[in-house]
1. Only residues that are buried (at least 19 other Cβ atoms within 10 Å of the Cβ) and either not assigned by TED's automatic domain parsing to the domain that holds PHE344 or not in a helix (DSSP H, G or I) (or both): list them for the stretch 262-293, please.
2. Which count do you get for residues in the stretch 9-53 that are part of a strand (DSSP E or B), modelled with pLDDT of 90 or more and of a type in the set (Ser, Thr, Tyr)?
3. Among the residues of the stretch 17-46, count how many are without any contact (Cβ under 8 Å) to a residue 12 or more places away in the chain and either within 22 Å of THR58 (Cβ to Cβ) or not assigned by TED's automatic domain parsing to the domain that holds LEU66 (or both).
4. Test ASN174 against the stated conditions and say whether it is on the phi > 0 side of the Ramachandran plot and either buried (at least 16 other Cβ atoms within 10 Å of the Cβ) or not small (Gly, Ala, Ser) (or both).
5. Give the stretch 68-97 a look and list any residue that's among the polar types (S, T, N, Q) and under 31 Å from the mean Cα position of the chain (by Cα), or say none.
6. Taking the stretch 251-280, which residues are among the hydroxyl-bearing types (Ser, Thr, Tyr) and in contact with a helix residue (DSSP H, G or I) (Cβ under 8 Å, 6 or more places away or on another chain)?
7. Out of (1) farther than 25 Å from ILE360 by Cβ; (2) of a type outside the set (D, E, K, R); (3) more than 17 Å from the chain's Cα centre (by Cα), what's the single condition that is false for MET120?
8. When only residues in the stretch 95-115 that are at pLDDT 80 or above and within 19 Å of PHE177 (Cβ to Cβ) count, which is surrounded by the most Cβ atoms within 10 Å (Cβ to Cβ)?
Amino acid sequence: MSVSVVITLDTRRVKKKTGTYPVKLLVTSNSVPKRYQTIFDLSEQDFNTLSAKNMSATLRSIRDQLKQIERKAEDVATGLSPFTFAEFEKHYILNNPSFHQRKAIKETTALINHEFNEVMYDNRFPIFRLPKPEPDTILATFLFYISKLLSEHRIRTAANYQTTYNTIAKFKGNVRFIDINVVYLKRLEVWMLEQNYSKTTVGIYTRCLRAIFNEAIFQGIIKREKCYPFGRRLYQPPSSRNIKKALTLEDVSKIYYYKPECERERKAKDFWLFSYLANGINPTDIAYLKYKNIDGEYLVFERAKTENSTRLDPRPITVFITEDLQKIIQYWGNKDLSPNNYIFPILEHNITPLRQVELIELFVQAINDWMAKIRKKLGIEKKVTTYVARHTFSTIMKRAGVSTAFIQESLGHTNIKTTENYLDSFENKVKKEYASQLTAFKNPEKSI
């Protein structure tokens, strides 16, 4: 299919006040023409001057911008197979600041958000109260994706994308996908670091942005081969290994033998140890545990976090119920042992997904607050949070010589690289001990 693109002056209707005509992009496909009005208006004399050698600085600037418009239009048009005006408008004209936006184009390209109870999420997701962004822009697709997550009750993930949405909006405002290239992403990274975002946070936000690009490709908003800025030799979200989160075995011993001074301290200590002893189970999975997950001497469950990604290949985690775990279950567990009843009284039945998230957050906050007090009493330097409990489990296992594959299975990671990033570095005293092994042959009575 042949497509031609040319900048023209539409002299069919003059603007009486200025005596100028609209400058338009004329696109012709199979002898069918279609005109798109640019933001420029020129007189016939000025338009003809654009091809001359000498002209004013103002006209020279307009000429350069029109050439750029024409070149980009040709690139987009030739890249569409098959070419259609609707696809051309979606990929180039829509939200392009160089063109006047026709209402018809906007209406045919808008994504419809997924259905969910907006009233329920009104306080937690204020972005839905903001003016709706232009269709097929980065923020419009973010909004669509967040609504999709909420319709699936993936509230905490949706909250992460909302935070990324706000950061992107603060950086350069709403932009088209075609405007987000490697340069844009590198400048975004620099800007976030200047705003005191951690490298880890930058990585999280740019990975969210990458997911939005993939969603846009899936929805047919963009084509991967034309404007996908992620990958090798392009932009790769930064990653950082947060080392030294894990406690030493000596620190764990202090917590284990600590005598709580009140019931709240006991609860925090017991659930921190439960996480540590039960394969580093996270608080959300603790909350969702039911008595049907107990199979004889073992606790068998699937991670809530990976429920969607492992739907076709479920990977249950199996934990041996040690005497310590059994004592915690007996002391803090619900007395109703019905299979579908929760083991621990953290959640309630027949509550909304949002309320479930709120109760789990209160549970985590209580544990972390009281463990911070216990930590100070014990003189432990590192933070003692539920997240640290998970890291400590994996790191202690590593130091004991357990294989990374076993730790991966125990943690429920789908990718072994995730497990490798989780594993903490060895303590300095262990490195010192290993270094001495390099010259274990030395005889103290001899010298070099």
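1. The answer is ALA278, ASN279, GLY280, ILE281, ASN282, LEU289.
2. 5
3. The total comes to 2.
4. Numbers: on the phi > 0 side of the Ramachandran plot: no; either buried (at least 16 other Cβ atoms within 10 Å of the Cβ) or not small (Gly, Ala, Ser) (or both): yes.
Answer is no for this residue.
5. Restricting attention to the stretch 68-97, the residues satisfying the condition of being among the polar types (S, T, N, Q) are 68, 78, 81, 84, 95-96.
Once the filter is applied, which keeps residues that are among the polar types (S, T, N, Q) and under 31 Å from the mean Cα position of the chain (by Cα), the stretch 68-97 yields ASN95, ASN96.
6. TYR256, TYR258, SER275, TYR276, listed by residue number.
7. Condition (1) is where MET120 drops out.
8. Step one: list which residues in the stretch 95-115 are at pLDDT 80 or above, which gives 96-101.
Subsequent filtering for residues that are within 19 Å of PHE177 (Cβ to Cβ) retains 96-99, 101.
Values: ASN96: 21, PRO97: 9, SER98: 17, PHE99: 19, GLN101: 16.
Checking each candidate, the answer is ASN96.
The values are calculated or read from the model by the stated rules, or taken from the named source; none is laboratory data. Worth saying up front: this structure is predicted, and the values here are computed from it rather than measured. As a convention, Cβ positions derive from the backbone with ideal geometry for all residues, glycine included, and neighbour counts pool all protein chains shown.
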